[in-house]
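Here the structure is laid out as structure tokens; the discussion comes afterwards.
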Amino acid sequence: AYPVDETVARMRQDIAAKGITFFQEVDQAKLAAGAGIALRPSTLIVFGNPPLGAQFLTANPYSGLDWPVRVLVVQEDDGSVWVAWTDFAWIASNHKSQSTSLDLRHSCTDGSDANGRACRFLRRSPSV
């Protein structure tokens, strides 16, 4: 596993190498410190593929609440670093995207609650 800063740097390199647009990096711990609040290392990165995101926005303008992609890199109390994101299939389902051209390889295995309603589904992966 890598520390938060190195995980973010590696993700940014991978995003750039794939030609994906990088929009923003938000150091949440730094912002909290500026407000006098202690927060474990936590960085939000925002990136996306405008042609793909535009398909969601065309289908439902409110999908802009979930696009572009946001990924959180956070350090837990035990020092482990995790990467978390909202499942792409959940986003498509939540915004009722009917586009058949969308490639959602990260399909959700359990994206509904006990009543069958769509629920926010987060994927979490260790920083490796």
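The table for this structure:
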read-out	value
Added length on full extension, which subtracts the Cα-Cα distance from 0.36 nm per residue, PHE23 to ASN49	8.3 nm
Distance between modelled label sites at ALA84 and LEU31, nm, 7 Å Cα→Cβ extension	1.5
Using a Förster distance of 22 Å, the FRET efficiency for GLU76-ASP14 (Cβ separation, nearest 0.05)	0.45
Sulfur and carbon atoms: percent of accessible area, segment 1-74 [1.4 Å]	59
Shape category assigned to segment 1-75 from the gyration tensor of Cα positions, a/c cut at 1.5	oblate
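The values are calculated or read from the model by the stated rules, or taken from the named source; none is laboratory data. Just so it is clear, the structure is predicted and the values come from calculations on it, not from any experiment. Don't worry about glycine lacking a Cβ; one is built from the backbone with ideal geometry, like all the others, and counts go over all protein chains shown. For the accessible areas, the whole protein counts, side chains as well, though only heavy atoms, and no ligand, DNA or RNA atoms are used. Shrake-Rupley method; radii C 1.70, N 1.55, O 1.52, S 1.80 Å.
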